[in-house]
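Provided herewith is a single structure, encoded as structure tokens, for subsequent inquiry.
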Amino acid sequence: MTTRHAESFSPIHPRVAANQTILMTTNLKPETIEDIVPAKRTPSNTSGTLITIDPDTGFPDFIIINAAYGTGHTVAEGAVNPDEYRLYKPFIDQQGKDPIVGKQPGSKQRRELYPDDPESPICGEVTDYLDQHHYALTNQQIMRLATLAMAAEEHAREPMEIEWTHDATKDNFTITSAEKILTPLPDRLDPIILSEIHPSPVHSLLCGSAIGSQIIQGEISLISDLSNQDSFRPGSILVTRQVDDSWLPLLEKASGLITDLGGRVCQAATLCRELEIPAILGTTHATHQLKSFQKVTLDCSAPERGVVYRDHLPSLRSVINTDDLFQSRICRSISISSPAQALQWWQLPNAGFGMAQIESIIADDIGVHPMALLRYDEIKDDGLRREIDQLTAPYQTHTDFYIDRLARGIASMAAVALPHPIVVRLNDFTSDRYNHLIDRGIFEPLEHNPKLGRRGADRYLSEDYCKAFELECRALNQARHEMGFTNIAIALPFCRSQREAREVLQTLENNGLTRGRKGLEIHLIAEVPANILLCHEFMQLFDRIDIDLDSLTQMVLSIDPEDSATSKAFDHADPAVMEALRILIEEAHRSGSKVTVFGLLEDHRPTLIDYLVGVGIDAFAFEAGNFVRGSLQLTAAERLYHETIPHNPNTA
């Protein structure tokens, strides 16, 4: 963590001199911390850095902790890929709530240790293999450290960057450095800068922790160390193993940075934020895979995960200003596809996440087919077993890994939505998308038309997948009832019959997700003709109906929008689709239920929004990037039907 533009954190207790570090014992409540004494250099099993705000999006309610083994130098100086833990601050001091909404293990391949002789220099060593693949902190330790961070932030009345160490022999946390953040942070009132590569690339070279929110194209300058810095070309993208303050003159000439090592709260990250250049840290292999003069695109447009692509790819940049948005009597929420996207769009003035997908959590954060975890003992492939063992090493069982990672990913989205609701769509992977997960294709059949095959309710109830669906239910139960995010509602996709609906609802109930318990709402996603023809009967089983406009259009018109031969006839505003929408909305209202529409309805379709307002739609879940345009179309449509626009009484 750099100190170039940081204000030193004044000690909490008057008997601690300003130039001394602070030992804050964690067995005392933060508002009554009294036992604070000057810290001495003591053996430390674990150490790291933390920040009391998300520094790249400005979201104020997250604490981000980076942790590794040994002294604090390796994490602060970006010399190791640390664990990252994310906590939701409002839940930290609430009984019965679990605020840890993210746990991502780092490789932690190296650690520095204090020698027995205090006169000897700090020594380094390779971290034990088992330690590398386990979390450096327990959940209890994460909570205690977060409590200290909250106390420091409350004292300073500003977001803080903190370096800390943990002495396992005394079970003490020591704050060795605490500074206010003076680098400007994004604010909810700021315009939102949207950058995206178009068309979306498929294959990436590297990924790591994203710093900044830009996309740049450039050539690589590979610099092994500062002794050959003269070979750096100004304006190029610096690639090296790690970066600290001594690299500042070089960074000032760079357009971007890629490193093998480092986390989101290290000196390199802070320097790049101050210099306003994008960076991808902790890629592990950048110095081996990239070469000088190589052309690449560095994509930090999404929070958390940055990606390096081959060649110069075209990108679009737009400014989203929400100042012109008016109140609406119709509820406006956002449709999101990942926790990172939830964080990216927290600034939008919305009523929660009207549709949240979990497939990206399974694909990116879990990465392994759930049946490979459940039937691990049947796997004969030793390589596949080693991959699974390495992924699941921090957990007692293979299935604990799946449940916990999925639960915390869902909780992360729910935390950003609070106090508004979030509607979580149950996993709607088709068989071809499951084949991208780690399982070597063992657990998925080859289907000729996956979109009409084993998906949604049919998949959940199938004999060879039902146990995997139970893991998903347990993850939702953990996020909602054990962690405390009761703003989570559940949506059932692709349900062809009432029999399927009843059986899925029973499975949910068997796993602690009873409709109505602690206000739990369960929605039906209307997307197949059976949902239209038997809408009244379906609505006896659900609290609300959510219309997937894209899928409904595909099913009503029997058109695959990805088939170039027929895609021209794919039209959301086709008369048959509009009639289906009218029937669904009117039947739902007769049953006393409200209706949300989501999909690309705002994309050049103002007439469709006019029509939906006219037939009485209750809510829209807009794609995040089109939220402002869709909202403006919505308020224009409302003026056609209402002389006045009272305050919206609905919820998402």
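The values are calculated or read from the model by the stated rules, or taken from the named source; none is laboratory data. Since this is a predicted model, take the numbers as computed values, not measurements. Virtual Cβ from ideal backbone geometry, glycine too; neighbours counted across all protein chains shown. Calculation scope for accessible area: heavy atoms of the full protein, side chains included, ligands and nucleic acids excluded. Shrake-Rupley method; radii C 1.70, N 1.55, O 1.52, S 1.80 Å.
I'd like the antiparallel share, as a percent to the nearest 5, of DSSP beta bridges with both residues in the chain. List each step's numbers first, then the result.
Values: 63 of 102 bridges.
The answer is about 60 percent antiparallel.
If you don't mind, there's one more thing I want to ask. Kindly provide the pair-distance distribution of the stretch 206-255 built from C-alpha pairs, with 10 Å bins from 0 and whole-percent values in order of increasing distance.
Spelled out bin by bin, the stretch 206-255 gives 22, 59, 18, 0 percent.
So for the stretch 463-533, considering every pair of alpha-carbon atoms, how many percent are separated by more than 13 Å? Provide the component values of the computation, followed by the final result.
Values: 1646 of 2485 pairs.
Above the 13 Å cut-off, the stretch 463-533 has 66 percent of its Cα pairs.
Which value, in Å to one decimal place, does the Kirkwood hydrodynamic radius take for the stretch 215-304 when every pair of different Cα atoms is included? Mind dumping the intermediate values first?
On the way: mean 1/r = 0.0788 Å⁻¹.
Over the stretch 215-304, the inverse of the mean reciprocal pair distance is 12.7 Å.
In addition: Assigning unit charges at the beta carbon (Lys, Arg +1; Asp, Glu -1) and nothing else, what dipole magnitude in debye, to the nearest 20, does the stretch 455-566 show about its Cα centre? Provide the component values of the computation, followed by the final result.
On the way: 12 positive and 19 negative charges, 117 e Å.
It comes to approximately 560 debye.
Here's another thing I want to ask about it. Taking H placed 1.01 Å from N in the peptide plane, check which residues at least 5 places from Gln109 or on another chain put their amide H under 5 Å from its amide H.
Hits under the 5 Å cutoff: Asn81.
Same structure, new question: Just the ratio, please: alpha-carbon radius of gyration of the stretch 135-177 over 2.2 N^0.38 Å, N its number of residues.
Its radius of gyration relative to the 2.2 N^0.38 Å reference: 1.18.
While we're here: Can you pull a Stokes-Einstein diffusion coefficient for the stretch 308-458 at 10 °C (1.306 mPa s), Rh from Kirkwood over Cα pairs, as a whole number of µm²/s? Mind dumping the intermediate values first?
Working: Rh = 18.1 Å.
Result for D is 88 µm²/s.
Still on this structure, I have one more. Of the listed pairs Lys253/Lys295; Lys108/Lys291; Lys97/Lys380, which have alpha-carbon separations greater than 29 Å here?
Numbers: Lys253/Lys295 18 Å; Lys108/Lys291 25 Å; Lys97/Lys380 41 Å.
Cα-Cα > 29 Å for Lys97/Lys380; rest within.
For the chain, with every protein chain kept in place, what is the accessible area per residue (1.4 Å probe, Å²)?
On the way: 27360 Å² over 652 residues.
Accessible area per residue, the chain: 42 Å².
Turning to a different aspect of this structure: With θ set to phi - 60°, apply the Karplus curve 6.51 cos²θ - 1.76 cosθ + 1.60 along the stretch 478-484 and write out the HN-Hα couplings as whole Hz, x wherever there is a Gly or Pro.
For the stretch 478-484, the Karplus curve yields 4, 5, 7, 9, 7, 8, x Hz.
Local charge sum around Ala363 (other residues, Cβ-Cβ under 13 Å, Lys/Arg +1, Asp/Glu -1)?
Working: positive: Arg305, Arg405, Arg433; negative: Glu359, Asp364, Asp365, Asp428, Asp432, Asp439.
Overall, the nearby charge balance is -3.
Please go through the stretch 329-385 and write out the trypsin sites (Lys or Arg not before Pro) that DSSP classes as loop and that have at most 16 other C-beta atoms within 10 Å. It would help to have the intermediate numbers written out before the result.
On the way: sites: Arg329, Arg332, Arg375, Lys380, Arg385; in loops: Arg329, Arg375, Lys380.
Loop-located and lightly packed - Lys380.
Taking amide H positions as placed in the peptide plane 1.01 Å from N, state which residues far from Gly70 in sequence (5 or more) or on other chains have amide H under 5 Å from it.
Thr46, Ser47
In addition: Between Asn228 and Lys568, what FRET efficiency follows from the Cβ-Cβ distance if R0 is 56 Å, with the result rounded to 0.05? Present the calculation step by step, with values, prior to reporting the outcome.
Details: r = 56 Å, r/R0 = 1.00.
Efficiency computed from Cβ-Cβ geometry: 0.50.
If the only charges are +1 at each Lys and Arg Cβ and -1 at each Asp and Glu Cβ, what is the size of the charge dipole of the chain around the Cα centre, to the nearest 20 debye?
On the way: 59 positive and 91 negative charges, 103 e Å.
My answer is approximately 500 debye.
Where does the Debye-calculated log10 I(q)/I(0) of the stretch 432-590 sit at q = 0.09, 0.20 Å⁻¹, using only Cα point scatterers of equal weight, no solvent?
Each listed q maps to, in turn, -0.35, -1.30.
Got a number for the accessible area of His536? Probe 1.4 Å, square angstrom, nearest 10.
Roughly 80 Å² of His536 is accessible to a 1.4 Å probe.
Against the globular-protein guess of 2.2 N^0.38 Å, express the Cα radius of gyration of the stretch 132-269 as a ratio, rounded to two decimals. It would help to have the intermediate numbers written out before the result.
Numbers: Rg = 18.8 Å, N = 138, 2.2 N^0.38 = 14.3 Å.
Expressed relative to 2.2 N^0.38 Å, the Cα Rg reads 1.32.
Of all accessible surface on the stretch 311-362 at a 1.4 Å probe, what whole percent is carbon and sulfur? Please list the in-between numbers first.
On the way: 880 of 1940 Å².
Whole-percent figure for carbon plus sulfur exposure: 46.
Follow-up question, since we're still on this one. Lys/Arg Cβ at +1, Asp/Glu Cβ at -1, dipole of the chain taken about the Cα centre: which of Val597, His536, Gln229 is farthest positive-ward?
Most positive-ward Cα: His536.
Can I ask one more? Starting from the eigenvalues of the Cα gyration tensor, five times each then square-rooted, give me the equivalent ellipsoid semi-axes of the stretch 385-449, largest first, whole Å.
The answer is 26, 21, 7 Å, longest axis first.
I would also like to ask the following. Using a 1.4 Å probe on the protein chains only, how many percent of the accessible area of the stretch 417-552 belongs to carbon and sulfur?
Details: 2550 of 5180 Å².
For the stretch 417-552, the apolar C and S fraction of the accessible surface comes to 49 percent.
Would you compute the Debye intensity of the stretch 405-516 from its alpha-carbon atoms alone, equal scatterers and no solvent, and pass along log10 I(q)/I(0) at q = 0.13 Å⁻¹ to two decimals?
-0.52
Further, regarding this structure: Along each of the three principal axes of the Cα atoms of the chain, give the extent in whole Å, ordering the values from largest to smallest.
Sorted from largest, the Cα extents of the chain read 81, 53, 50 Å.
Given Thr183, Gln214, Ala146, which one lies farthest toward the positive end of the charge dipole of the stretch 102-221, if we put +1 on the Cβ of every Lys and Arg and -1 on the Cβ of every Asp and Glu?
Looking along the dipole axis, the top candidate is Gln214.
To continue, here is another question. Using only protein heavy atoms and a 1.4 Å probe, report how much of Cys266 is accessible, in Å² to the nearest 10.
Its accessible surface works out to 0 Å², give or take rounding.
Through the Karplus equation 6.51 cos²θ - 1.76 cosθ + 1.60, θ set to phi - 60°, convert the phi angles of the stretch 221-229 into ³J(HN,Hα) values in whole Hz; use x for Gly and Pro.
Those phi angles translate into 10, 8, 10, 6, 7, 5, 5, 10, 5 Hz.
Here is a follow-up. When the Karplus curve 6.51 cos²θ - 1.76 cosθ + 1.60 is applied with θ = phi - 60°, which whole-Hz ³J(HN,Hα) does each residue of the stretch 138-151 get, with x for Gly and Pro?
Whole-Hz 3J(HN,Hα) from phi for the stretch 138-151: 7, 4, 5, 5, 4, 5, 5, 5, 5, 4, 5, 4, 4, 5.
Under the rule of at least 5 residues apart or a separate chain, name every residue whose amide H is placed under 5 Å from the amide H of Ser315.
Result for Ser315 returns His198.
If r is the Cβ-Cβ distance from Asp464 to Asp245 and R0 is 51 Å, what FRET efficiency results, to the nearest 0.05?
On the way: r = 56 Å, r/R0 = 1.09.
It comes to 0.35.
Another question, if that's okay. How much mean residue ellipticity at 222 nm does the chain get from its helices, if each DSSP H run of length 4 or more adds -39500 (n - 2.57) and you divide by all residues, to the nearest 500 deg cm²/dmol? Provide the component values of the computation, followed by the final result.
Numbers: 20 runs with 178 residues, N = 652.
Roughly -7500 deg cm²/dmol at 222 nm, from the helical runs in the chain.
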